[in-house]
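> Here it is, the structure, as structure tokens.
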Amino acid sequence: MLASTAIKSLLTFKAFKKARQRFEQTGSSKNAFITSDTLSKATTPPSVVAITGAAYALSKTADAPKLQRFLLKSTLSASIAGLLNAGLKRIIGRKRPRAESGPKIKGPALKDKFNSMPSGHASTVAAVAGCIPRSSGPLLLASAAGLAATAIIGKSRTKRDAHHLSDVLVGSCLGFGVAYAISKLEKPVEAEVENLKRHTPLHKQV
């Protein structure tokens, strides 16, 4: 009885040890991905705009108006958020965490080490996430995935010492704000286009 209990305890300990090792390996691999150059390069503002723009161009070959609308809004939102972000970076001139010397806030600056506030990666990913409609169950899940992606990018930027947490939060707010503005402008623009179509003679439309 005592020998059986000891064997079971030993087996349990070994199983727990293996599970812990696997968990630690998984955790380290996740951290490696989050801090990787690949993720960083794939989520720069130009990369996000290029990806959404290419996806929109491909979607034009299929009969998927909702997908096309989402991708078009995403491309516009990411582009505008990226431009606003680039301007704010240079106006604010905040030093990145990884910068070794210089004042914390320099003011207008072009050097990369003073381009910390706000985060361009966070703003463009948030701009895309903010364009996901939230009208049904699957879309709510997609929206949640978009928010999770924004959080992951934020963690990535802070882990790489590229940004302070406040940079990521401001960048995310900027991206979501641009996406909201685009969504509010969408209906008036569509209504104006439809109105022009109705009042344009057929021979001019052709």
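> Which order, highest average first, do 120-133, 43-56, 76-89, 151-164 follow once you tally other Cβ atoms within 10 Å for each residue and take the mean per peptide? Walk me through the numbers on the way to the answer.
Details: 120-133: 27.7, 43-56: 18.0, 76-89: 21.4, 151-164: 19.9.
In descending order of packing, they fall as 120-133, 76-89, 151-164, 43-56.
> What Kirkwood Rh does segment 46-165 have if only Cα atoms enter the pairwise 1/r average? Answer in Å. Walk me through the numbers on the way to the answer.
Numbers: mean 1/r = 0.0646 Å⁻¹.
Taking every pair of different Cα atoms in segment 46-165, averaging 1/r and inverting gives 15.5 Å.
> Please work out how much length the chain gains when fully extended from Ala149 to Ala32, using 0.36 nm per residue of separation minus the C-alpha to C-alpha distance, in nm with one decimal.
Numbers: separation 117, 0.36 × 117 = 42.12 nm, distance 1.60 nm.
Residue separation times 0.36 nm, minus the Cα-Cα distance, leaves 40.5 nm.
> Hey, can you rank 170-182, 102-114 by average C-beta count inside 10 Å, highest first?
Values: 170-182: 21.9, 102-114: 13.3.
Per-residue mean Cβ counts within 10 Å order the peptides as 170-182, 102-114.
> Given Lys41/Lys66; Lys66/Lys184; Lys41/Lys155; Lys41/Lys106, which pairs have Cα atoms separated by over 20 Å? The partial results should precede the final answer.
Numbers: Lys41/Lys66 28 Å; Lys66/Lys184 16 Å; Lys41/Lys155 15 Å; Lys41/Lys106 26 Å.
Correct reply: Lys41/Lys66; Lys41/Lys106.
> Right, here's the next one. Pulled fully out, how much extra length does the chain show between Leu110 and Leu83, if you take 0.36 nm times their separation in residues and subtract their Cα-Cα distance? Numbers along the way, then the final one.
Details: separation 27, 0.36 × 27 = 9.72 nm, distance 1.45 nm.
Additional length available on full extension: 8.3 nm.
Any read-out appearing in this document is the output of simple, stated calculations on the displayed coordinates, not a laboratory observation. None of these values were measured; they are calculated from a predicted model. Cβ atoms come from the backbone with ideal geometry, glycine included; neighbour counts cover every protein chain shown.
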